[in-house]
Ligand SMILES: Cc1cc2nc3c(=O)[nH]c(=O)nc-3n(C[C@H](O)[C@H](O)[C@H](O)COP(=O)(O)OP(=O)(O)OC[C@H]3O[C@@H](n4cnc5c(N)ncnc54)[C@H](O)[C@@H]3O)c2cc1C
């Protein structure tokens, strides 16, 4: 089959929050944008937001594991991981500006207003979730309502629960795919089912990308290429392009849930993560969350059959999620493997967080003998093409015109929701490129 060639001012690879935002901003500024996405747009499919759907659009049917056995959920679809996220918004950590000189305050502020980001109203935060937060507050932990990319007014019938992690069916949750629509409306050329394999250069300057479009080899030429293929996709493209160091080390905001059973209804049918608390000193975040009903036994079987056998009590389980600021370790390798060993004091800090969760659950009325912690998993693959190591503060690589704008850029684990920070980075980069 013959190659065919496309041309643009800017090529953006990936339609998660990094890619969708840059494509939208640049197209609106009059640039000829070519937006390339490996996955499909599943939003109108009847199975969108269901268990079969999650098997269809997540990498390896949601059974992607690191060599150490950490499960990673990696949605490959228009909107990227925001199609399956919990809709939480957090500002960038102070260290991004103070330690690395990346100031995105203005862009984040603008986004908070634009997307009307606030916590859910009190009556929608969930009774069980609120009980957990009140128990934590009674113990002296300053839990607060979690800001959300969710606007109940947008949905005909607000129906959020743990199942939101399969995809939002009620329409309350913002998804980066909406900004892909905006980009297309502003003139961007969106190609789905298009996997970029490598970047083209003339030695020092980027000239385009090549890959496969619906089974057909293609090339696309542009003086600016923005890789936004996510914490796993971007380093793989750079490795295939001969860029050394990409994928060497990663962070994952290593995540676990601590569960405890109560007589009343649990957190499963309530919106995910409505209350949170950050322990900046120890480097972790806690929030109200439980796995969706069918995922619960699948994840817990990894810990052992007796944990999976607690499935019948799912509806009476309170869940507290721990997101740990994990050290940079392992990486994404050219042979396709992903490694994320737990190193340094990560495990010790996680044990400390687990103790706090157990105390909170007990205070909230959970039976201590029912409590256990789920296996480690990684929901935020990031830090694989880091600012300060492989990127300058403008997100440019050593190759002129080649930028990275996604979770791979994080110089350290955020240990908090990532999307608002990625949008901030993308808006700042777009402004700089237009200027
Ligand atoms: C279950 C779950 C819950 C989460 N909850 C939250 C939350 O509440 N709040 C929050 O802020 N964050 C949350 N996150 C994390 C957040 O969604 C991600 O960190 C964020 O979406 C990453 O954005 P990104 O732009 O780096 O990449 P992604 O969103 O991963 O997008 C990358 C895109 O690139 C495409 N791609 C990959 N390779 C190629 C290629 N070779 N060619 C073309 N396209 C390619 C992919 O298909 C994908 O669409 C959650 C994540 C998960 C999995």
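A compact table of results
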| item | result |
| --- | --- |
| Residue 51-residue 110 FRET efficiency (beta carbon distance; Förster radius 25 Å; 0.05 resolution) | 0.10 |
| Label-point separation in nm, residue 219 to residue 99, each point 7 Å along Cα→Cβ | 4.3 |
| Degrees separating the helix 230-240 axis from the principal Cα axis of the chain, which is the longest one | 40 |
| On Cα atoms only, tilt of 17-28 relative to the major axis of the chain in degrees | 40 |
| Within the chain, helix-based [θ] at 222 nm, where runs of 4 or more DSSP H residues each add -39,500 (n - 2.57), nearest 500 | -7500 deg cm²/dmol |
| Exposure proxy ranking, count of Cβ atoms within 10 Å, fewest first, for 141, 57 | 141, 57 |
| FRET efficiency, residue 313 to residue 355 (Cβ-Cβ, R0 25 Å, nearest 0.05) | 0.65 |
| Chain lengthening between residue 367 and residue 191 when straightened (0.36 nm per residue, less Cα-Cα) | 58.1 nm |
| Helix axis angle, 105-114 relative to the chain longest principal axis, alpha carbon, degrees | 70 |
| Antiparallel bridge percentage (DSSP; both residues within the chain; nearest 5) | 65 |
| Percent RCO, i.e. relative contact order, over the chain, from Cα pairs under 8 Å lying at least 6 residues apart | 24 |
| Prolate/oblate/rounded call for segment 14-64, Cα gyration tensor, a/c under 1.5 rounded | prolate |
| Among 159, 181, 202: highest mean-square fluctuation, GNM of the chain, C-alpha pairs under 10 Å | 202 |
| Cβ crowding within 10 Å averaged over residues, with 134-140, 18-24 ranked highest first | 18-24, 134-140 |
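Throughout, read-outs are computed from the coordinates displayed, never taken from laboratory work. The shown structure was predicted, so the numbers you read here are calculated from the model rather than taken from an experiment. No Cβ is skipped: glycine too gets one built from the backbone with ideal geometry, and neighbour counts run over all protein chains shown.
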